[in-house]
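Written out below as C-alpha cells is the structure these notes cover.
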Amino acid sequence: MDRRSADFTRLFDEHGVAKPHELTADDIPGIVDAKLLDALRYLPGPPISEDDLKNLADVESLSSQRLRSDPAAAQRVLDVIRKTIDPRRFRWLAEDREPTGGERATAIFASALLHTAQRLQSARRSIAKKDQEFAVRDYLKSIGFAGKRVAKKISTYAQFPAHGIVSENEIDFGPERADVLARLWDDRMLPIECKVSNSGVNSYKRLNHDTLAKHTAWIDAFGRANVVPSAMLAGVFSVSNVLAAQAAGLTIFWSHRMTDLGLFVESTR
C-alpha cells in the first residue's frame, strides 16, 4: 500500500498528472521510464489493463522507446487517459480547478488502495494457478506417469517426450506455452492450461479468449490427430463460456474432480 501511494504521489508531484490537461505526448514516455505506467492505468475508473490501453489507443507497444519514436501514438495513450479519468476520485478535474489538500490526499489513498487490491487478487490467482499445476503433475504421477523436465521449447514431433511422461516445467509447445504437458499412452500430446477464475465475467478472458487461442495454435502446429488441447479449471466459470469452449474442441477438466482426468488418461491405453 505504501509503495502504491508513493507511485501516485510521484505521478502528481513529478509528472504533473494532477493536471492532465497540461500534459503533452512528450510526457508519456517519461512516465513509462519512471515505471509509473501501472499507476497511470489506475487513474481511469475502472482501471484499464495494458492490453485494453493498447487496443483503445491503437498502439502496438507501450514501451518508452516506441512511444518516443511515435508521438502520435503517445498522444493517443494520453487522450485515452484524459477521457477515462475517474470523476469521483478526481473531482477537481471535472471542475477545472486546483485540488484541495484533502482531495489530493483522498485521491492518492483511494487509487493506491484500488491498485493494491487488484494486485493482491492477481497474486492470489497466480498462487492458485501454481498449486493447480503441481496438483495436476502429482496426480498424473500417481497414476503411472513419470515426471521429467523436458525441453523448454517443442517445435517438432521428434521433440515429443516418450509416452507416459509429464513435464515438470512449463513448455513452449509450438507457438504457445503449456502449463503442463503430458504424452498419453496412445502417443497423443496432452497440453493442459491451468485456469483459476473468481467470476463468470473473468472466465471469458481466461478460458474463451486466452486458452482457446492456444487450442487453435496447437492444432495448427501439430494437427488435431496428435494433440488433445485441454484446460484444468478451478473457481467460478460461466456455464455458457465452458460450453462454448467445449464446442470449439477444448477438453475440460475440473480441479475438484481430478479423477475425470485419470479416467480419460486410462482410456488412451
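The values are calculated or read from the model by the stated rules, or taken from the named source; none is laboratory data. Quick caveat, the model's predicted, so the values are computed rather than measured. Glycine gets a Cβ as well: all are built from the backbone with ideal geometry, and neighbour counts include every protein chain shown. Only protein heavy atoms, including side chains, enter the accessible area calculation; ligands, DNA and RNA are left aside. Shrake-Rupley method; radii C 1.70, N 1.55, O 1.52, S 1.80 Å.
A helix-only calculation puts the chain at -15000 deg cm²/dmol for mean residue ellipticity at 222 nm, using -39500 (n - 2.57) for each DSSP H run of at least four residues, averaged over all residues. Only the Cβ atoms of Lys and Arg (+1) and of Asp and Glu (-1) were treated as charged; on that basis the dipole of segment 19-79 about its Cα centre amounts to roughly 100 debye. Take the Cβ atoms of D172 and F134, set R0 to 25 Å, and the FRET efficiency comes out at 0.80. Pairs over the 22 Å Cα-Cα cut-off, from the set K130/K214; K83/K195; K130/K153; K35/K195: K83/K195; K35/K195. Other residues whose C-beta falls under 15 angstrom from the C-beta of W185 contribute a net charge of +1, scoring Lys and Arg +1 and Asp and Glu -1. Return, ordered by residue number, the residues of segment 1-43 whose backbone nitrogen is under 18 Å from a label point located 7 Å along Cα→Cβ of Q75. Inside the label zone: 20-30. Surface calculation, 1.4 Å probe, protein heavy atoms: S142 sits at approximately 80 Å² accessible. The simple Förster model, with R0 at 25 Å and r as the Cβ-Cβ distance, assigns A94 and R3 a FRET efficiency of 0.30.
Say R0 is 35 Å: what FRET efficiency, to the nearest 0.05, do R82 and V236 get from their beta-carbon distance? Efficiency computed from Cβ-Cβ geometry: 0.50. Just one of (1) 6, 25, 24, 19, 16, 8, 2, 0; (2) 6, 28, 35, 18, 5, 4, 2, 1, 0; (3) 7, 30, 37, 20, 5, 0 is P(r) over Cα pairs in 10 Å bins from 0, in percent calculated from these coordinates, so which is it? Recomputing P(r) over Cα pairs in 10 Å bins from 0, in percent here gives the entry labelled (1).
Put +1 on the Cβ of every Lys and Arg and -1 on every Asp and Glu Cβ in the chain; which of F134, Q246, G45 then has its Cα farthest towards the positive end of the dipole? It is F134. Segment T24..W185, full-extension length gain: 51.9 nm, with 0.36 nm per residue of separation and the alpha-carbon distance subtracted. The listed residues E170, E266, E14, once ranked by accessible area (1.4 Å probe) with the largest placed first, stand as E14, E266, E170. Extension gain for the segment Q246 to E266, taken as residue separation times 0.36 nm less the Cα-Cα distance, is 5.1 nm to one decimal. Against the longest principal axis of the chain, how steep is helix 71-84, in degrees 0 to 90 to the nearest 10, with axes from Cα atoms? Orientation of helix 71-84: about 80 degrees from the principal axis. Beta bridges assigned by DSSP with both partners in the chain are antiparallel in approximately 35 percent of cases. Extension gain for D38-K153 works out to 38.3 nm (0.36 nm per residue, less the C-alpha to C-alpha distance).
When all protein chains stay in place and ligands, DNA and RNA are ignored, the 1.4 Å accessible-area order of R66, R137, R91, R149, largest first, is R149, R91, R66, R137. The overall shape of segment 31-72, judged from the alpha-carbon gyration tensor, is oblate: a/c is not under 1.5, and a/b is no greater than b/c.
On the chain, 52 percent of the accessible area sits on carbon and sulfur atoms, based on a 1.4 Å probe. Of interest is the spacing of the C-alpha centroids, which for segment 14-87 and segment 219-269 amounts to 39 Å. Looking at segment 128-245 alone, DSSP beta bridges between its own residues are antiparallel in about 40 percent of cases.
Only beta bridges with both residues in segment 139-191 are counted; by DSSP, about 60 percent of them are antiparallel. Remark: the chain carries a charge dipole of roughly 680 debye about the Cα centre, counting +1 on each Lys and Arg Cβ and -1 on each Asp and Glu Cβ.
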